[in-house]
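Report on the structure given below.
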Amino acid sequence: MPTFADITPVLDRLAIEVPSWAYGNSGTRFKVFATPGTPRTPQEKIADAAQVHRLTGLAPSVALHIPWDEVDDYASLGRFAADHGVALGTINSNTFQDDEYKLGSLTHHDPAVRRRAIDHHLACVDIMDATGSRDLKIWLADGSNYPGQADLRARQDRLHESLSEIYARLSDEQRLVLEYKFFEPAFYHTDVPDWGTSFVQVSALGERAMVCLDTGHHAPGTNIEFIVAQLLRLGRLGSFDFNSRFYADDDLIVGAADPFQLFRIMVEVVRGGGLDEGSGVALMLDQCHNIEDKIPGQIRSVLNVQEMTARALLLDRDALGAAQEAGDVLAANAVFMDAFYADVRPALAEHRVARGLPADPMAAYAASGYQQQIAADRVGGQQAGWGA
Ligand code: PSV
Ligand code: MN
Ligand code: MN
């Protein structure tokens, strides 16, 4: 088994992007709970995200969602972020909250609606130019509720045409990342339901078009790590949206529902070079904290990713390979489980202290007084755009 010292260089460069919307109030269709101290502006969301990075050293960038994070001057928002020790990251488009998109956006049968949806994405690329963001992440709520409602095939063709126009607008340093989701808000069909459809669509665009894998967007029982392995093998895994789920797209804290699944995913990320220097795989969170405080919720999340990454890095690949080659099923499984059960928490605490970080970021946040301060300062916090 590798030692902790062996894996430290990889842990040192581990970066997990946090979503601006995680800091806003969110909930279900039954109730959105207001949390004292909730940010009222994109700047306040960024300030909160900066706390996560300050205490963990793991979250150097913040993803924005447009129009939820609309401001007049994105370059100055980027400077604001830099002043707080973080960068602006992925720009997420949004074509799911306007009445006009009820029957679709980039796939809509009406060219005027498609035009509006494409223009929104072009405006997002303008923002990327100002913020220096690399990735445009597209998640489409497009789909239908009833058999016969829509021409499934024509919508794929229209999606290709719309994406082609958006892709053509990107600079050489920018990427388009297409996220899939098997259902919701549409219940009969979704236009980008699975990794295969996303792969087909992005492959038709060019090399800078990639797939986004949201861990909550699969049918129960799906072997997600297999998809990770396949997309890495194909060179098309652009990013992760990490979260965890018990039932559907629950958007709970990553690693909370099924830490072993997170470990298995990270094993394939490591195996496929996703943590190698210069890897194009972006690790992001896509979560909503409905009932817990948001900042410690995000701190817990990035720590969970770090912990499972460390365990995955400790996997004894030589021993595993030997057992696999020998056809020794139980020995191979034992090697795998040994890494999963390795308790890396004391070593990670030491690693943090060596980097000038608190050994226990959760405790450090609780002791910092930041939560009490924002609760006192901020009145009338914003609701995150809901639907995540
Ligand atoms: C959709 O469920 C999703 O996961 C997409 O990533 C969106 O950008 C995010 O939620 C926020 O609505
Ligand atoms: Mn997502
Ligand atoms: Mn989601």
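Rundown of residues vs (1) at positive phi; (2) within 15 Å of ligand 3 (Cβ to nearest atom); (3) polar (S, T, N, Q), yes/no style:
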site: L205; (1), (2), (3): no, no, no
site: V211; (1), (2), (3): no, yes, no
site: T215; (1), (2), (3): no, yes, yes
site: H218; (1), (2), (3): no, yes, no
site: F226; (1), (2), (3): no, no, no
site: L231; (1), (2), (3): no, no, no
site: L237; (1), (2), (3): no, no, no
site: F242; (1), (2), (3): no, yes, no
For this session: Name the single residue, out of those in the stretch 195-229 being farther than 21 Å from A257 by Cα and of a type in the set (D, E, K, R), that is nearest to ligand 1 (Cβ to nearest atom).
Result: R208
Exercise. Of the conditions (1) surrounded by 19 or more Cβ atoms within 10 Å (Cβ to Cβ); (2) of a type in the set (A, V, I, L, M); (3) in contact with a strand residue (DSSP E or B) (Cβ under 6 Å, 6 or more places away or on another chain), A257 fails just one. Which one is it?
Worked result: (1)
For this session: Sort out which residues of the stretch 109-145 are touching a residue at least 24 places away in the same chain (Cβ under 8 Å) and assigned to a loop (DSSP other than H, G, I, E, B), and write them in order of number.
Result: H109, G132, S133, R134, L140, A141, D142, N145
Exercise. Which one is farthest from the chain's Cα centre (by Cα) among residues in the stretch 227-252 that are of a type in the set (A, V, I, L, M, F, W, C) and surrounded by fewer than 23 Cβ atoms within 10 Å (Cβ to Cβ)?
Worked result: L234
Exercise. Just to be sure, is S133 polar (S, T, N, Q), farther than 17 Å from Q97 by Cα and in contact with a Gly (Cβ under 9 Å, 6 or more places away or on another chain)?
Worked result: yes
Problem set entry | Count - residues of the stretch 175-200 that are in contact with a strand residue (DSSP E or B) (Cβ under 7 Å, 6 or more places away or on another chain) and of a type in the set (S, T, N, Q) | 2
For this session: Answer yes or no: is there a residue in the stretch 230-239 that is assigned to a loop (DSSP other than H, G, I, E, B), out of contact with any helix residue (DSSP H, G or I) (no Cβ under 6 Å at 6 or more places or on another chain), modelled with pLDDT of 95 or more and within 15 Å of ligand 1 (Cβ to nearest atom).
Result: no
For this session: May I ask you to list the residues in the stretch 297-309 that are closer than 17 Å to A282 by Cα and small (G, A, S)?
Result: S301
Problem set entry | Sole exception among (1) in contact with a Leu (Cβ under 8 Å, 6 or more places away or on another chain); (2) within 14 Å of ligand 3 (Cβ to nearest atom); (3) in contact (Cβ under 8 Å) with a residue 40 or more places away in the chain for E184, by number | (1)
Exercise. Is it true that H108 is more than 16 Å from ligand 1 (Cβ to nearest atom) and under 30 Å from N145 (Cα atoms)?
Worked result: yes
Seminar exercise, completed: All conditions in (1) farther than 16 Å from L58 by Cβ; (2) within 17 Å of the chain's Cα centre (by Cα) are true of D276 except (2)
Exercise. Does the stretch 12-31 hold any residues that are hydrophobic (A, V, I, L, M, F, W, C) and under 19 Å from D293 (Cβ atoms), and which are they?
Worked result: I16, V18, W21, A22
Exercise. So how many residues does the stretch 195-226 have that are closer than 17 Å to A248 by Cβ, surrounded by fewer than 17 Cβ atoms within 10 Å (Cβ to Cβ) and either charged (D, E, K, R) or within 16 Å of the chain's Cα centre (by Cα) (or both)?
Worked result: 0
Problem set entry | Flag for G255 being under 18 Å from the mean Cα position of the chain (by Cα), within 25 Å of L314 (Cα to Cα) and modelled with pLDDT of 95 or more | yes
Problem set entry | Leading residue by the ranking (surrounded by the most Cβ atoms within 10 Å (Cβ to Cβ)) among those in the stretch 325-345 that are closer than 15 Å to T3 by Cα and acidic (D, E) | D338
Problem set entry | Odd one out for A384 among (1) under 25 Å from G238 (Cα atoms); (2) at pLDDT 95 or above | (2)
Seminar exercise, completed: How many residues of the stretch 157-194 are surrounded by 15 or more Cβ atoms within 10 Å (Cβ to Cβ), more than 19 Å from the chain's Cα centre (by Cα) and part of a loop (DSSP other than H, G, I, E, B)? The answer is 3
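The values are calculated or read from the model by the stated rules, or taken from the named source; none is laboratory data. As the structure is a prediction and not an experimental result, all values here were calculated from the model. Glycine gets a Cβ as well: all are built from the backbone with ideal geometry, and neighbour counts include every protein chain shown.
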